[in-house]
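First the structure, in the form of structure tokens, and then the observations on it.
Nothing in this text is a laboratory measurement; each read-out follows from the coordinates by a stated rule. Everything quoted here is computed from the prediction, not taken from an experiment. When we count neighbours, we look across all protein chains shown, and the Cβ atoms used for this are built from the backbone with ideal geometry, even at glycine.
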Amino acid sequence: MRLYLVLLVMLSRVGFCQAQNKALQVDYYAAFREVEEQPMPTIATYSLSVSGDTTSFKINTNEELLNSVGYSVFKNYPKKGILVFKSRIGVNPIMYEEKIPIFEWKNLDGDSTICGYSCQKAETKFRGRTWKVWYSLDLPYSEGPWKLSGLPGLILKAEDSKGDFVFVAQKICKGKFCYSKKEFVDVAKTTLPNYIKDLIEYEKDPSGYMEMTTGVRGSVWIGGVELKPTPQSPCLMEYLDEK
Amino acid sequence: MKRETAILAFFTASLFSFAQGAKPYSGHVTDVNGKPLAKVSVLLLNSKGNVVTFAKTDSQGNFSITSPEGKEVSKISFLNLGYARQNIEIGKFAKGDKTIKMEEKVQEIREVEVKPEVFKIKGDTIAYSVLGLREKQDRTIEDVIARIPGIRVDVSGQISYKGKNINKFYVDGKDMVGDSYAMVSKNLNADKVDSVEVLQNHQPIKSLQGKQFSEAAALNLVLKDGVKLHWTGTAELGSGMFLQSPWHWTHKARLVEMYFGNKMSAVSMYKHNNVAEDMEREVMGFAMDYSDQGQLSNIGGIGTGRYGFNNSHLFATNWYFKIGENSSTRLQLTGLWDKSTTHGYSERTYLDIDNGAAVVENRNASSYTSHWKGEWSYSLNAAKMYFRNELVGNLAFDHSHSSTTLNGKNTYERVLPRKRSFSDALEINLPSKDGFNFVRSTFSYSYLPGRLLLYNGAEEQLNLKSATWNTKYTRSFSFAKYYYASLDAGYNMERKNEFVSYNDTTATVFYHEDKVYLSPGLQYNKHDIQASLGCDMMWLSRKFDTDKDSRWVMEPNVSFTWKPISFWEWRTDYRHTFSPSGFYEVNPLRVYTSYNMASSGTGANNHSSGDNVSTSLYYQTPGFGWNGNIQYSYGTSHYNTLYESKLVDGVYTRNSIDESSRSVSQVIGGGIGRSFRSMRTRLSLSCNYSWSNYDIMYQGVKTRSKMQGLNSGFSWSMRPWKIFNFEERSTFNISKQSSAGRNTVYRSFYHSLKFFLNPGSWQLSMSGECRHSPDGSEKFNFYSDAALSYKTQKYELGVTCKNLLGTNKREYRSLSVTGSSYSVTELRPREILASIIFNL
């Protein structure tokens, strides 16, 4: 019995030593609507990397090529206290900065287990959407998918009340936080309100928007008739006119 | 003792009341050296350990937190990455030191990788998210169900799980369509379902739950919130044509309406097509039909798939009402009309006829089907009582005719196999403290008046009346932990009366069968082991005209199921059976079953008996990972009736003789599959080998014969990119027949490959199918289809082009127990169909 205990202590010491790297990587399964007219949600994997204060939330690179909407969110990187959002509108890479948002969280009754971690439930209203999240106190990182943050534990599941956006952790591991100097090279800067405005414009008439921004009308012509996609409206994650 | 309890109660009460009011707490957090710690999470927890509220320390390490009004608070907790968590009783904190010193501790990360979006396991239920399973080309919920590991949906739509047919198909927990579940599974849009739950080992009768083990699983569809409480449906219109002569207009129409409410659920539909889509199974149900199917059948039947030239109309309505908390009633009415034509050539060679004479037929047949079915059921399924009554009525007015060339001679075929049947099933279960009392009684009556034109121009009239009444009482009780004893007592009655008339023959024959039985049984049911032992002891009395036979019969059986861990399952069972020769085997009258086939029985009440052993091992992980199974079964049957066959003027006649034979059949098979998370890859490999030894009469001598079959298959599906996926399937079959020194072997391959390209709302699918054989038993054949559609939330527009290469016939050879045949079947020509579907 004693030997068993000694072994157990030794094993736990091993675990201890291996876990010294504070960098954490969480892969989220994400289901979301890109446009309101979309019959079925798009599915992708996003990875969150946390190292100290710095976080990055990026679409899985294998899927990026095919996903027009793949976006990245960086917090405290490259500047402290600032959140950088990077995405594309059509083919144009675009980014904006804002202060890291502060969320008003309300704890709710109910718990769940996600990825083997016991989770607590909380809710917040943020820019026109109500988010329900499950976070774990066993992972004391105040971070989460997309822009969500500020809870005492890591958010392992988040969904908005309309069901337009769902993130569920599917992999938690020790990871490296990779910095790429080229991350923000040749990326047009904009602001959040302009980004939303441009996104709405783009979905209304993608080829018109392309022509306006690049001078090339990216459209298909058949027998002298231009095939125009149906105007659509983006399914926005945040609405600036609402709190 | 009382005093201590009182003090404790007072203390707890005061602590509780103290915790109820809103109260502010503040303090200071530092590390062991007294350095203030910023951004430390300070949590107030209730007695369950749930967070009531939280705050963070400021840059000076100070915090202030207020417990919300009316919330119970039992602990205050301090949490910071890289430091050991501290939990302090709130009372202790309020009275004690307000400076918290946190010790450094490396945070251990438990590395995990799961795929929670695909499935969730809760007890015996595995819930699969539709979102996680579905590929973009999946339209109905059946397409999604077929992707669940362990589930097989056969061509007719019947669903099985781990090799056993499902026993219930629920929609939001309601048994709304009974066994006609294809009505829902083949018509409900997958968009409307949130998840599919597999309820393993499901006992549908509440009062038997925990008292009688069930091996079968049930499925439950969990609908999305927006689908309930209003009518939802689909409307489709399609029109097209054959692109090869003769020109032909093709069309289809569909209107399906469904309502899923709390008190009432309904499905109603009208469907029509002449594009060879199978609809029969959607309304006919999968449960065993009580009525005898008779000896006559339509020529060809309803044509479906590549071979069918049909024109079908279907109407079905099903209403489910919840009457009380546990009671419900269901009414279903269905009607099916069809006119199908078949064109085909066949050469049949009989093994049991001297010189292997062949029957050559060239057939141009038209068959008309008109089936009506009504079903009403009432059930009370409560924990204290179960009552169910089901009434089913069937009507079939079929007829078919054909201009046929039989061995070069022109003949005309006509058959009218009419059917009327009615059945009622009653079940009552009353649980007792230690077990249950179950009564099941079924009654069925069928009348099958049939007419058949014979090869010589005469007409056969064949009217069969049959009535059966089966009643069984089961008493089961538990006599020790995990042990149940049961006793079945029952009476089965069967009466048959057949009138046959053709040429100069006119006769009526009667058959009576009565069975009284007592079956003691013993069951052991612990969560990982289910074992049962039983023996049916019966008194069987039969009478065919003047021939009487009465005897005692014993049928022992034993079964064993072991689930060492939830992913493994081992089943094995043995059963001895006694089968009285059925009416058709006994009946000495020569009865024509088609214009050129007749058979007659011994006139004596013979029987056969058999022993069957089977064992199977399953391994199944619910989501991604491995799954596999191995099965073996051995069956032997003694005293089988032997027939002597003759071919006269192209008419194949079988007469039973006074000799019997023994047959042995064995099957060994298995499969292995793997699903990968990466690119949603699924691979599976299966192989089955079966062989049977039996006797046939050849040149008046009992000749030992053997049939062997090997079926192997491989399938591979993958989604390399979000917008592209494919499905590949290949099979290889060998069949071998050995008899009287002659060996015939046929080998054939089948391959199918489907590509789906789904950019945005568009979908393009291409498929190719190929059949070939190294020995010419299957002439090389290639078919290809293509479809393009544009889908939005409200509608879908599509164009389908089938048989792009215009392959016009399939030529193949096949083997059966008594012979071999060469067939040429005409295929539907190249055709195009444009359709529009609205989601209502």
Problem - Pairwise FRET efficiency - residue B:113 versus residue A:112, Cβ, R0 = 25 Å, nearest 0.05 - result: 0.90
Problem - Relative contact order for chain B, counting Cα pairs under 8 Å that sit 6 or more residues apart, in percent - result: 7 percent
Fill in the blank from the handout: Restricting to aspartates and glutamates and to Cα separations under 13 Å from residue A:174, and discarding same-chain partners fewer than 8 apart, the set is A:27, B:108, B:111, B:113
Fill in the blank from the handout: Stretched fully, the stretch from residue B:558 through residue B:501 gains (0.36 nm per residue minus C-alpha distance, one decimal, in nm) 15.9 nm
Completion exercise
region B:169-293: relative contact order from alpha carbon pairs under 8 Å, six or more residues apart, as a whole percent, is 24 percent
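Work out how much length residue B:410 to residue B:838 would gain on full extension: take 0.36 nm times their residue separation and subtract the Cα-Cα distance, in nm to one decimal. Working shown, then result.
On the way: separation 428, 0.36 × 428 = 154.08 nm, distance 4.95 nm.
Answer, rounded to one decimal: 149.1 nm.
About its Cα centre, how strong a charge dipole does region B:173-289 have in debye, to the nearest 20, once Lys and Arg get +1 and Asp and Glu get -1 at the Cβ? Mind showing how you got there, number by number?
Working: 12 positive and 14 negative charges, 64 e Å.
That gives region B:173-289 a dipole magnitude of about 300 debye.
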Problem - DSSP-assigned coil residues among GluC sites (Glu not before Pro) in region B:304-381, each with at most 14 further Cβ atoms within 10 Å - result: B:325
Problem - Cα→Cβ-extended label distance, 7 Å offset, between residue B:541 and residue B:95, nm - result: 8.8 nm
Completion exercise
Of the residues B:343, A:233, B:38, the Cα lying farthest along the dipole of the protein assembly as shown towards its positive end, which is defined by charges on the beta carbon of Lys, Arg, Asp and Glu, belongs to B:38
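Using a Förster distance of 41 angstrom, determine the FRET efficiency expected from the C-beta separation of residue B:360 and residue B:160, and round it to 0.05. Each step should come with its number before you reach the end.
Values: r = 39 Å, r/R0 = 0.95.
So, using R0 = 41 Å, E works out to roughly 0.55.
Rounded to the nearest 0.05, what FRET efficiency do residue B:743 and residue B:524 give with R0 = 35 Å and r taken as the Cβ-Cβ distance? Could you check?
Details: r = 48 Å, r/R0 = 1.37.
Step by step, r from the Cβ atoms, then E = 0.15.
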Completion exercise
Among B:24, B:196, A:166, the residue whose Cα sits farthest towards the positive end of the charge dipole of the protein assembly as shown (+1 at Cβ of Lys and Arg, -1 at Cβ of Asp and Glu, taken about the Cα centre) is B:24
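Charges only on Cβ, +1 for Lys and Arg, -1 for Asp and Glu: so what's the dipole of the protein assembly as shown about the Cα centre, in debye to the nearest 20? Provide the component values of the computation, followed by the final result.
Numbers: 130 positive and 110 negative charges, 553 e Å.
For the protein assembly as shown, the charge dipole is close to 2660 debye.
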Fill in the blank from the handout: The rounded separation in angstrom of the Cα centers of region B:437-500 and region B:530-585 is 16 Å
Fill in the blank from the handout: Relative to chain B, whose Cα atoms define the longest principal axis, helix B:2-20 and its Cα axis are tilted in degrees, nearest 10, by 90 degrees
Problem - Helical contribution to [θ] at 222 nm, DSSP H n ≥ 4, -39,500 (n - 2.57), averaged over chain B, rounded to 500 - result: -1500 deg cm²/dmol
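Under 8 Å for C-alpha pairs, at least 6 residues apart: give me the relative contact order for region B:113-238, rounded to a whole percent.
After rounding, I find 26 percent.
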Handout entry: Cα→Cβ-extended label distance, 7 Å offset, between residue B:23 and residue B:685, nm
Key = 6.8 nm
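Give me the number: length gained by fully extending residue B:708 to residue B:327, i.e. 0.36 nm times residue separation minus the C-alpha to C-alpha distance, one decimal in nm. List each step's numbers first, then the result.
Details: separation 381, 0.36 × 381 = 137.16 nm, distance 5.08 nm.
My answer for the length gained is 132.1 nm.
Only sites in a loop by DSSP and with at most 11 other Cβ atoms within 10 Å count here; which chymotrypsin sites (Phe, Trp or Tyr not before Pro) in region B:220-290 make the cut? Can you show the working numbers first?
Details: sites: B:231, B:242, B:247, B:249, B:259, B:260, B:270, B:286, B:290; in loops: B:247, B:286, B:290.
Sparse-neighbourhood loop chymotrypsin sites (Phe, Trp or Tyr not before Pro): B:247.
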Practice task
Could I have the simple spin-label model distance between residue B:648 and residue B:230, label points 7 Å from Cα toward Cβ, reported in nm to one decimal?
Solution key: 7.2 nm
